[in-house]
Amino acid sequence: MTARVHVDANVLVHGEDARDPRKMVLAQEWITALFDSGRGAVSIQVLSEFYSVATSRLKPGLAPEKARRVAGERLDG
């Protein structure tokens, strides 16, 4: 049996935060590996927190449409 791994909002935010390219790439690789393997899990609360941070606290912030698309990919994944 393969355990599911819950992904925190901070990891999703780091995957979109271009201010630290090294951290962004590492987060993206980890997120991709988890969800491609079917082990990644994320809650609606985490997606809501990601959207809020990504659109209002990131500098530059994500456009609302992009933040919804990223959150939707994780929800579908």
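Could you do me a favour and compute the accessible area per residue for the chain, 1.4 Å probe, result in Å²?
Spelled out: the 1.4 Å probe surface of the chain, per residue, equals 64 Å².
Summing -39500 (n - 2.57) over the DSSP H runs of n ≥ 4 in the chain and dividing by its residue number, what mean residue ellipticity at 222 nm do you reach, to the nearest 500 deg cm²/dmol?
-19500 deg cm²/dmol
Could you please report the charge total around ARG57, scoring K, R as +1 and D, E as -1 over all other residues with beta-carbon less than 12 angstrom from its beta-carbon?
For residues surrounding ARG57, the net value is -1.
The values are calculated or read from the model by the stated rules, or taken from the named source; none is laboratory data. Being a predicted model, the structure only gives us computed values, none of them experimental. With ideal geometry, Cβ positions are generated from the backbone for all residues, glycine too; neighbour counts draw on all protein chains shown. Surface accessibility is based on the protein's heavy atoms, side chains included, excluding ligands, DNA and RNA. Shrake-Rupley method; radii C 1.70, N 1.55, O 1.52, S 1.80 Å.
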